[in-house]
Ligand code: ADP
C-alpha cells in the first residue's frame, strides 16, 4: 500500500526530531466527575458512570456521570429556575460574567490545552494555538455584545432571550464547541443545559469549574454528561431551543423530534468540502492549505477540505509536492509539541475511517500513504491520499472525518463548480487562484456556507459559520450566531 518517495542519492537525510512532550503536571484530574447542575457537581440519579480515556494510550483518565432522563430534567429545571434573575440582570452586569469566563480561560490556557489533547487526541500545538485561544475569543466577543443588543439588530424591536437552551456538541473541538454554544446564549440572557460528547467530556467539566470561579449564578449553565440517550433526553426535555453540532444522521433525528414542538432549532452538521486549486494558483502556498485543510485535527473537522479538485495542467506538479509534504508530517503523541497529526478520537471512529478507506481501494482508487511508525497502543491512522477518484466513489461522497484526502481533477471553471456542488453537503469550500475576479465568481456559485480564498480552516468569532443542504441551518459566530438566542418584542420570530 505504501509507495516511498524517491530521493536523489545526494539529498540530505530528513531532520530527526527529538521528542518534546508537554508536561501533564498542570492537569489535576479527579477520579470521578458528577453532573454540573445548579452551580454544583452532583451525583447522577441514574447511579451510572462511564470511563473516559486517552485515545493515544487507551488509559482511563477519569469516570464521568451518565445522565438519564431524570438527571436531564433536573438540569433543565435548574436552568428554568435561574432564568428570571439572569434575564433581569442589567446587560452590562451579565457581560462582566462572560468577560470573567474569557479571562479565566486565558489564565488557565495551558491546563485546558493539555487536558484537551489528553482526552481528545489532538496535537498540543493545535489545542494550544487554536482551540483554547479561539474559545476565549468567543467569550470575549459575545461579552462585548451583551449590553448592545438593541444596536446589534436595529429596527427589530426590543431583544429578549429565548429562555432555556439545550446544547449538544461533538468531540472534535470539545471546548471550542462549548464556547460557540455558551457564549452567545449567555450574552443574550439565556440559561443553558450543555451536553458534551461522550468521548471528550473533560474540558467542559473544567469549564464548569471556571463558571464556579467566575461566580456565575447557579443554574445559568448546567452540564450533563452521557452519550446519545442523554442527548435525546435533552432534545425531548421542555427547553425553548436546541442547538446541535454533530452528524447529519443525528441532526435528522433531532429535526424530526423537534418538529411541531415550537422549539427553536439550529443544526451544524457534516460536510464534504471541495478545495479547488486552479492552474494559476501559487502551488507551494496551496500545498500548505491543502495539507492544513485535511490533516488539521486528524481531519476530524466538519468543514475539512476532504475533496481536492485540481485543474489538470497542475495535477502532476501538485501531487508531487503533496506527497513530499506528507512525508514530513509527524504522526504520534498528541502531547509532543512537534506532532502534526495526533490520535484518532475513538476506536469506533478509527473503524469507520478504515472501512471507508477500504471501500476506496475496492472501488478502484489509488491509495498513497507515507512511511511512518505508529505507536502500538491507541488509535492511529496514517495520512492518506487517494488519486483516480471518481465522483461516484464513496470516498468522494461520504464524510470520512479522518486524515484522508480524495483527489479529483477538472478542466474548466464550470466543471469545477459542478463537481464542487455535487454533494448533499454545503458547509465550506476553498479556492486557490491568483485572480481576484475568479475568487468572487466562484464564491457566488459555490453552495457552501463558508468559502475560503487562498487559505483554509480560518475561524474568527466575528465571522458566521454554518451550512446549506444536509450541512444544516442556522449560523454560529458573529451577529448571525447571536440572533437564534433572541426574540424581538417578546415573541416575534
Ligand atoms: P459523531 O458520529 O461524530 O460521534 P454524533 O452526531 O453521533 O456525531 O454526536 C454528536 C453529539 O450528539 C454527541 O454529543 C452525541 O452524544 C450526541 N447524540 C448522539 N445521538 C443523539 C441523539 N439521538 N439525540 C441527541 N443527541 C445525540
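The values are calculated or read from the model by the stated rules, or taken from the named source; none is laboratory data. It should be emphasised that the depicted structure is a prediction, and the values quoted were computed from it without experimental measurement. Counting neighbours? That spans all protein chains shown, and the Cβs are built from the backbone with ideal geometry, glycine included.
Here are the numbers:
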{"read-out": "Residue check, residue 226 in contact (Cβ under 8 Å) with a residue 24 or more places away in the chain, at positive phi and within 9 Å of the ligand (Cβ to nearest atom)", "value": "yes"}
{"read-out": "Lone unmet requirement of (1) within 30 Å of residue 367 (Cα to Cα); (2) away from the ligand (no atom under 11 Å from the Cβ); (3) in contact (Cβ under 8 Å) with a residue 60 or more places away in the chain for residue 243", "value": "(1)"}
{"read-out": "Among the candidates 134, 182, 186, 206, residue that is within 16 Å of the ligand (Cβ to nearest atom) and assigned to a helix (DSSP H, G or I)", "value": "182"}
{"read-out": "Index of the failed condition, residue 438 passing every other in (1) within 24 Å of residue 299 (Cα to Cα); (2) touching a residue at least 40 places away in the same chain (Cβ under 8 Å)", "value": "(1)"}
{"read-out": "Residue list for the range 32-49, filter: within 23 Å of the chain's Cα centre (by Cα) and surrounded by fewer than 22 Cβ atoms within 10 Å (Cβ to Cβ)", "value": "none"}
{"read-out": "All positions within the range 143-179 that are within 16 Å of the ligand (Cβ to nearest atom) and in a loop (DSSP other than H, G, I, E, B)", "value": "169, 170, 171, 172, 173"}
{"read-out": "Residues of the range 382-412 satisfying the condition of being in contact with a helix residue (DSSP H, G or I) (Cβ under 7 Å, 6 or more places away or on another chain) and either at pLDDT below 95 or in a helix (DSSP H, G or I) (or both)", "value": "394, 395"}
{"read-out": "Qualifying residue in the range 256-265 (condition: touching a strand residue (DSSP E or B) at 6+ places or on another chain (Cβ under 7 Å), farther than 24 Å from residue 396 by Cα, more than 14 Å from the ligand (Cβ to nearest atom) and in contact (Cβ under 8 Å) with a residue 40 or more places away in the chain)", "value": "yes"}
{"read-out": "Given (1) assigned by TED's automatic domain parsing to the domain that holds residue 369; (2) in contact with a strand residue (DSSP E or B) (Cβ under 6 Å, 6 or more places away or on another chain); (3) within 16 Å of the ligand (Cβ to nearest atom), index of the condition residue 294 fails", "value": "(3)"}
{"read-out": "Wholly enclosed helices (runs of 4 or more DSSP H) of the range 258-365 bearing at least 2 residues surrounded by 23 or more Cβ atoms within 10 Å (Cβ to Cβ) and under 20 Å from the mean Cα position of the chain (by Cα)", "value": "283-295"}
{"read-out": "Test: residue 236 is touching a residue at least 40 places away in the same chain (Cβ under 8 Å) and within 11 Å of the ligand (Cβ to nearest atom)", "value": "yes"}
{"read-out": "Options 220, 250; residue that is within 12 Å of the ligand (Cβ to nearest atom) and outside the structural domain of residue 424 (by TED's automatic domain parsing)", "value": "250"}
{"read-out": "Of residues in the range 189-201 being in contact with a strand residue (DSSP E or B) (Cβ under 6 Å, 6 or more places away or on another chain) and either outside any loop (DSSP other than H, G, I, E, B) or within 12 Å of the ligand (Cβ to nearest atom) (or both), the one farthest from residue 94 (Cα to Cα)", "value": "201"}
{"read-out": "Total residues in the range 348-380, condition within 16 Å of the ligand (Cβ to nearest atom) and in contact with a helix residue (DSSP H, G or I) (Cβ under 8 Å, 6 or more places away or on another chain)", "value": "2"}
